Amino acid sequence: MSPPAPLMRAVVATAGGALRLSRVPPPSASPSQVLLAVAATAVNRADLLQAAGRYPPPDGVTPVLGLEAAGTVMGTPPAGSGLARGDRVVALLQGGGYADVAAADVGCVLRLPPGWGGDDWAVRGAAVMEAWVAAYQVLLLGGCVRPPAAAAGGGPPPPPIEGTAPWGGSPPLPPRSPPPRSVLVTAAAAGVGTAAVQLAAAHFGVPVVIGSAGTPSRRAAVAALGATATVPRPPAAAPAADASPDAPPPPPPPCAYTDGVRAAAPGGVVDLLLDAVGGGGAWAAHPPLLAPDARWVLYGALGGARAATPAVPAALLARRVSLLATTLRGRPAAYRGGLVAAFGREVLPSMAAFPKGGRLAPVVHTVMRLDDVAAAHELVASNAVVGKVVLRVADP
Ligand SMILES: NC(=O)c1ccc[n+]([C@@H]2O[C@H](COP(=O)([O-])OP(=O)(O)OC[C@H]3O[C@@H](n4cnc5c(N)ncnc54)[C@H](OP(=O)(O)O)[C@@H]3O)[C@@H](O)[C@H]2O)c1
């Protein structure tokens, strides 16, 4: 009988929501997976929700927390994966990143380009996959297209995302014509938000990029990433429901958020809304800020899951708004893999060039040790983080 595999460190949440660094058996890889020796991982808001019992992992996925990792390939990867033992890679995971060893779907693993990050390769790599792939996804769903000049000068034109027709086959979402000329990025200082602002401004060339954030210093950070204007957070409180469901939409109560967007957007309205806030007062505030034929891409519910706003449907109808809701973690492997592959071809090379020419870079707020995971979650929950908190798992 072969001796049992040595135990590894891994973080799971207890039923009460506490984070526990335990010693557990390492994962085994399925035929379509590869094992990674994790060097660093990063905290996502979804990890906090999972720890609180509000975002369980998909069926069959490890309860170990962690949606992304940077590390080196272990063992013998599946034939045809293009990976080799010892490769430095980053991976988009459905779970398991807060551990010494993670099992990753080979389609969701990207080899880091030569020269990536120097001694800091793992820290910079750990901050990429969940936030940047999510941001890339919502901008594509929003109809963003890389300008022909940029595409010609910086590589091949934007590739199709194989296997990722957003509704599971055909027809895929048609490109928005013309591409959005203005985008409103909510929670722009967040992990996803900092990526979305940079991608919108520098990669997709959207001329007007408006970002919301909770404090003046956070708004300054968002402006430094390329936003053309910044505004406060959307209102938290939902307005009272209309007396009659058939009444015409009332104008939203003015607030610094709506006033700011109106002042910054051409004509006072935006072509694309990237909405991580969802409910609360944001839900009713947003429709009047959208241009005719705008896209509203909903990808989070930071502001809550409820909103008392029967006027919203009429406002969306009047503007012919496309409301798209999307997720990433629970999608089939083919969808996640297609998106990751497109991101690897189209965006990662520009990130590797930073700061020598490249304009896209993960924003790392601070680096903490895996042992300090509880403090890292508290820091993210405090809303004081700009970009990402990275957890170093192995010594550099
Ligand atoms: N659907 C997908 O594919 C997908 C993928 C990844 C993430 N997400 C979602 O995207 C969102 C952002 O994730 P993240 O990891 O980037 O977050 P994060 O880095 O933790 O940042 C979240 C930020 O949102 C703002 N915020 C917090 N509470 C809020 C509230 N009640 N109302 C309005 N704003 C609030 C805060 O910034 P300010 O104080 O500056 O406002 C906070 O720093 C989450 O909802 C997450 O679940 C979705």
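Rule-based calculations on the coordinates, nothing more; no lab input. Note that the coordinates shown come from a computational prediction; the quantities given were computed from them, not determined experimentally. We place every Cβ from the backbone using ideal geometry, glycine too, and count neighbours over all the protein chains shown.
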(request) Using a Gaussian network model of the chain whose springs link C-alpha atoms within less than 10 Å, name the residue from A333, A220, A15 with the highest mean-square fluctuation. (result) A15
(message) If amide hydrogens are placed 1.01 Å from N in the peptide plane, which non-local residues have theirs closer than 5 Å to the one on A294?
(response) S322
(request) Using a Gaussian network model of the chain whose springs link C-alpha atoms within less than 10 Å, name the residue from V380, V192, V123 with the highest mean-square fluctuation. (result) V380
(request) Determine which residues of the range 92-121 fall in the zone a paramagnetic label at A334 would reach in this model, i.e. backbone nitrogen under 18 Å from the point 7 Å along Cα→Cβ. (result) 105-109
(request) Determine the shape class of the range 176-325: with a ≥ b ≥ c the square roots of the Cα gyration tensor eigenvalues, call it rounded for a/c under 1.5, and otherwise prolate if a/b is greater than b/c, oblate otherwise. (result) prolate
(message) Please report Rg (one decimal) and Dmax (integer) in Å for the Cα set of the chain.
(response) 21.0, 75
(message) Pick from P178, P349, P362 the residue whose mean-square fluctuation is largest in a GNM of the chain, springs joining Cα atoms under 10 Å.
(response) P178
(message) How high is the relative contact order of the chain? Use alpha-carbon pairs under 8 Å, at least six apart in sequence, and give a whole percent.
(response) 18
(request) Just the number, please: percent antiparallel of the DSSP beta bridges in the chain, rounded to the nearest 5. (result) 55
(request) Report, by chain and number, residues whose modeled amide H sits under 5 Å from the one on V101, excluding near sequence neighbours (fewer than 5 apart, same chain). (result) V38
(request) Classify the range 2-46 as rounded, prolate or oblate from the Cα gyration tensor: take a ≥ b ≥ c as the square roots of its eigenvalues, call it rounded if a/c is under 1.5, otherwise prolate when a/b beats b/c and oblate if not. (result) oblate
(request) For the chain, find the longest principal axis of its Cα atoms and tell me its angle to the long axis of helix 129-141, 0 to 90°, nearest 10. (result) 40
(message) Can you show me the helix-derived [θ] at 222 nm for the chain, built from DSSP H runs with n ≥ 4 at -39,500 (n - 2.57) apiece and divided by the number of residues, rounded to the nearest 500.
(response) -6500 deg cm²/dmol
(request) Could I have the simple spin-label model distance between A52 and T215, label points 7 Å from Cα toward Cβ, reported in nm to one decimal? (result) 2.0
(message) Which residue, A264, V297, V64, has the largest displacement toward the positive end of the dipole of the chain when charges sit on each Cβ (Lys, Arg +1; Asp, Glu -1)?
(response) A264
